[in-house]
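All remarks here apply to the structure that follows.
Please treat every number below as a calculation from the coordinates, not as lab data. The structure presented is a predicted model; accordingly, all values stated were derived computationally and were not measured. Cβ sites come from the backbone with ideal geometry, for glycine too, and all protein chains shown count toward neighbours.
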């Protein structure tokens, strides 16, 4: 198959492109300079001729979206709709990457794929609008929701905490938000498996198993890095205010094979990062 990845130079897109190459697939990665998904003409000029298009392009600045919702909407909703429309026109299988922020974060059991959307932030509203537009335009598209992503090819929580560990004696980290840390390489493998397995269009959830708070996640990062987890102190969301409301509960239910326990996958990521840094494989 011939794959196109929009947002192909981001953290997830880079891992997806690398994994597709390892699988012997033909893949082209594009950024906004080559394909501005806000422009239907640009999408039409880019998508035709591919078997699969994975839309990883998105406005992901959650806090900035609170004051720039129209701009976020133009990418996350209009852009997603444009890719879905052209994919339907050309018979190209589409995969769209979405987010836990389409839910309200108030649940006490994992959100199943068919759970009603109820976003609380501007970012969540724009991503939810994109999901609806895709379903209305291209019902065969796969919409893959994920959460708490980290990886080797972009700024993320894991790299930030590891950097701060070298700068501060102690860290205060939010301990009243639950989620599922997910390695972008695992998400990439999941997307490939969905496409190659011929899964039906609709909503799918791609996150690691289990759940943890940001504080617990940070303590495990420290432990696996050989540092004292006791240096990580809990705090509340109220003590660390942000412009956009954060979901208190971001645990997604899975309808397919597991990506693995989050602790094991974090360990695998850190081991791969160490091997890469030392020139190993």
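Quick one: work out the % antiparallel among DSSP beta bridges in the chain, nearest 5. Working shown, then result.
On the way: 2 of 33 bridges.
Close to 5 percent.
Here segment 93-209 is described by how far its Cα atoms reach on the three principal axes: 51, 31, 24 Å, from widest to narrowest. What shape does segment 1-76 take by its C-alpha gyration tensor, where a ≥ b ≥ c are the square roots of the eigenvalues and a/c under 1.5 counts as rounded, a/b above b/c as prolate, and the rest as oblate? Oblate shape, in that a/c is at least 1.5 and b/c is the bigger or equal ratio. Only Cα pairs under 8 Å and 6+ residues apart enter the sum, and on that basis the relative contact order of segment 193-281 stands at 42 percent. Across the chain, the volume of the C-alpha convex hull divided among the residues equals 128 Å³ per residue.
Please report the orientation-averaged projected area of segment 64-133, defined via the convex hull of its C-alpha atoms, in nm².
Quarter of the Cα hull surface area: 5.0 nm².
Taking the alpha carbon gyration tensor of segment 191-281, what are the square roots of 5 times its eigenvalues, largest first, to the nearest whole Å?
Working: eigenvalues 154, 108, 24 Å².
Semi-axes from the Cα gyration tensor: 28, 23, 11 Å.
Each peptide in 137-143, 183-189 was scored by the mean count of other Cβ atoms within 10 Å over its residues; highest first, the order is 183-189, 137-143. The alpha carbons of segment 116-168 stretch over 49, 24, 15 Å along the principal axes, in descending order.
For the chain, what is the mean residue ellipticity at 222 nm derived from helices alone (per DSSP H run of n ≥ 4: -39500 (n - 2.57); sum divided by total residues; nearest 500 deg cm²/dmol)? Could you put the intermediate results ahead of the total?
Numbers: 9 runs with 101 residues, N = 281.
Value at 222 nm, helices only, nearest 500: -11000 deg cm²/dmol.
Using a cutoff of 8 angstrom between alpha carbon atoms and counting only pairs six or more residues apart, the relative contact order for segment 1-136 works out to 25 percent. Could you work out how far helix 11-22 tilts from the main Cα principal axis of the chain, as a 0 to 90 degree angle to the nearest 10? With both axes taken from Cα atoms, the answer is about 70 degrees.
Using Cα-Cα distances under 8 Å and only pairs 6 or more residues apart, what relative contact order does the chain have, in percent?
Values: 564 pairs, mean separation 56.2, N = 281.
RCO, the chain: 20 percent.
Computed from Cα atoms, the angle from the helix 214-224 axis to the main principal axis of the chain rounds to 70 degrees. The Kirkwood hydrodynamic radius of segment 128-281, based on inverse pair distances between different Cα atoms, is 17.0 Å. Spatially, segment 216-281 and segment 8-83 are offset by 26 Å when compared through their Cα centroids.
From largest to smallest, the equivalent ellipsoid semi-axes obtained for segment 144-214 from the alpha-carbon gyration tensor read 30, 14, 7 Å.
The long axis of helix 80-90 is offset from the longest Cα principal axis of the chain by roughly 40 degrees. The convex hull defined by the C-alpha atoms of segment 27-112 has an orientation-averaged projected area of 6.9 nm².
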